[in-house]
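Everything on this sheet refers to the single structure shown next.
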Amino acid sequence: MKTKAKMLLAGVSGAALIASGAASAQTRGVTDTEVVVGSHTALTGPVAPWGVGQAAGARMAFAEANAKGGVHGRKIKFIVEDHGYQVPKAVQAANKLLNRDKIFAMVGALGTPMNNAVLPRQIKANVPNFVPFTASRQMIEPYHRLKFLAFASYYDQMRAATNYFVKEKGFKKVCALYQDTDYGREILQAVNDQLKALNLKIAGESAHSPREKSFVGAITKLRKAGCQVTMMGTIITDSIGPFLTAKKLGWKSVFVGTIATYDLIVAGFKKGLMNGYYAMTSFEMIYPDTADPAQKAWADAFKKYAGRPHTGASQLGYGSGVLFVEALKRAGKNLTVDSFIAAMESLKNYQMPIGGPPLTFGPNDHQGSTEAYLAVVENARWKTLTKPLSY
Amino acid sequence: MRFVFKTGYDQDIRFFKHTGYWQSYGFLFLTAVTAPLYLGNFEISELTQAISFAIAGLGLMLLVGFTGQVSLGHAAFFGIGAYAQAWLLASFDISFLVAMPIAAVFTGIIGFLLAIPLLRMTGIYLAIGTLALSIVLEQILKSWKSVTGGFDGMAVEPASLLGYQFNPDSWDFYYVALAILILVLALCANLLRSPTGRAMVAVRDSEVSARSMGVNIARTKITAFGISTAITGLGGALFAHKLQYLAPDGFNLIISITFLLMIVVGGLGSLQGAILGALVVILLPQAITIMKDYLPPSIGHQPGLEPGIFGLLLVAFILFEPMGIYGRWRKIKLFFDIFPVYRKATFRRQKAYLKTERMR
């Protein structure tokens, strides 16, 4: 009874808060002085390093815009909720963002299953899903006017990679090593589709569970199939495992991962053990000792803002924030969901400050780019090898 | 002070012993029913989630609080209920109200069968045995792709009745959940005054004494486990509709521990405790999250702040009020009931264990 009474009090005050907020707003989350933006991401749990870095990057982009007086007089209020990479917590976080904070847009929500769980209610509430922090094809397909993706999906990346290694390197035997999940199967699909377009067939494939530790069997199988290049539908540990197993068994072959493996941990693993590992990526990693003055300035600014060095995730988070601010600018003084979508669709050949291929959106095309770079680990650091590749 | 005048034997097993009960629970019921009038969608949605946890907690309470058998595997049954519900709706053209009892009974049957070997163990060994359930089920959910969608999870068909589609984040589904909760509460309360329920409590207090009174220990324990898992499964089925999307990570060991924590914080050995505990476990983290928005960024943007504060509060709670929220409430009530002669010793544990039973 006592708790109930307290809750009642809290509820009444909460309702009053909501009512006072709603009175002056035309579009949800938008007033003359403020636009409320939310994100559900992993600040704890297995992928916390990504979530923390990405949230800090986006925060910095919004802080910069706010320091300049906001966009059209509106300051951006960015609310980040932690879901620890768990679906039920993501749903709870989304409930707060959608129903309590009344956000205008979701920016950089992390995780494919979490996005899948939140999207139905988010679309019902007419809240754009702006550049989620996952490159799964499901974030853009099927098309919906509220869904936006900046860069190439995993599918696009691996089709481009397959195309490159067959056409440019003359490889005939392409294989796939993937985790048996939606993510892994998306990569297998990409390899199969591209090989079909090139009149080739997949030479060998091996599936594993995401927690697999031993890859001797998988590597032996692929080696027997004579794979010249293996496309990896893997994340961090299951990319390092097969690559090192092949090295240990004395098999010299090419392994190519997605942007999910384009990570400082992969490149820096035991200071050089991963040398020669390839990955597709839609942006170029900035190292703190970069020679480029603009990049150097950004890296320093980030360190000053967040109190720690940036990661690849911070770059992506910052990029999504800057892109969002650009869309707000273009949407003009009268900000509604429709004017926001129109503004996004007007972006042509937009160059992100963190690098990456130029982004072009349009009606019925809410994916900025389908191109990706090929990078390789050299001296425990990522080195970009090509211009953005397509297929 | 109130004196209840006894006029019949039925009075002993009445739900509401005197008018005071009618007043307080009537007020509580009215508060719950009118909640959508003064609460927003956010609060209502959180309450719905708390209700689904409360139902699962009631199931666990029957087992832990009333039969004295610990389980670290109830997230597994929560998950079985949720997935069964999603699978039933995806495979057959039936109403969600029909699917729910089927999912619950199905979970109960699995629980019943598992109980036969499991409940040969007691105490810490039973905890380990049930702990394995949580781990095994997570693996099954990840591997049995044709039914569960594996790692990627599966979408749950929205709950609809006669063409009306419920919004799980809104007041309409809240009433569905509330109705189910009241039904389950009545069921549990009724069970506890039946011979089966009395046998459960007897087993909890002393197996030796229970056996000497003619209670079939094995049968009582297994029945309790079956009923407990069925109710938890029902909570899971409701939770499936609330979530709309199921993934194996929603039913892992952490959820099992959350359930246990919920009933301990609420107050072991009382149905009210399960509900109070669910409110704490669901609403407290959200309250901390909201509070975080008002803190300066240097503190508020610190990752891991919510689980940290949440854990700290729970530890403090268990240290200072081991009898749970409902235990505290009973103390406060008694203090005013018998003012000014309240003695601290009233709630000191009276039960003397047999030496052989103490460590089990």
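Any read-out appearing in this document is the output of simple, stated calculations on the displayed coordinates, not a laboratory observation. This is a predicted model, so every value here is computed, not measured. Because the Cβ atoms are built from the backbone with ideal geometry, glycine has one as well, and the counts that use them run over all protein chains shown.
Descriptive notes on the structure:
- Assuming charge only on the beta carbon of Lys and Arg (+1) and of Asp and Glu (-1), the dipole of the protein assembly as shown about its Cα centre is about 1940 debye to the nearest 20.
- Other protein chain Cβ atoms within 10 Å, averaged over every residue that makes up A:85-98: 6
- Cβ-derived FRET efficiency at R0 30 Å, residue B:201 paired with residue B:102, nearest 0.05: 0.50
- Summarising the strand pairing of the protein assembly as shown, around 35 percent of its internal DSSP beta bridges are antiparallel.
- In segment A:118-176, the ratio of gyration radius to Kirkwood radius, Rg to Rh, stands at 1.19 when only Cα atoms are counted.
- Nitroxide proxy distance, nm - points 7 Å out along Cα→Cβ at residue A:32 and residue B:161: 4.6 nm
- When the C-alpha to C-alpha distance is required to be over 32 Å, the pairs from A:252/A:348; A:96/B:142; A:296/A:333; A:75/B:242 that qualify are A:252/A:348; A:296/A:333; A:75/B:242.
- Net length available on complete extension from residue B:24 to residue B:139 is 36.9 nm, with 0.36 nm assigned per residue and the Cα-Cα distance removed.
- Among A:50, B:144, A:298, the order by Cβ neighbours within 10 angstrom, fewest to most, reads B:144, A:298, A:50.
- Euclidean distance between Cα centres, segment B:71-124 to segment A:266-330, Å: 47 Å
- Computed over the Cα atoms of segment B:154-236, pair by distinct pair, the Kirkwood hydrodynamic radius stands at 15.3 angstrom.
- Positive-end extreme of charge dipole, segment B:20-253 - chosen from B:33, B:64, B:106 (charges on Cβ): B:64
- Rounded, prolate or oblate (a/c below 1.5 giving rounded, otherwise prolate when a/b exceeds b/c) for segment B:20-253 by Cα gyration tensor: oblate
- Over chain A, DSSP H runs of length four or greater, each weighted -39,500 (n - 2.57), average out per residue to a 222 nm ellipticity of -13500 deg cm²/dmol.
- The order of B:175, A:155, B:125, going from fewest to most other C-beta atoms within 10 Å of their C-beta, is B:125, B:175, A:155.
- Distance in nm between pseudo-label sites at residue A:378 and residue A:198 (7 Å out along the Cβ direction from Cα): 2.3 nm
- Straightening the chain between residue B:124 and residue B:321 buys 68.6 nm, computed as 0.36 nm per residue apart minus the Cα-Cα spacing.
- With both labels modelled 7 Å from their Cα along Cα-to-Cβ, the residue B:6 to residue A:300 distance reads 8.6 nm.
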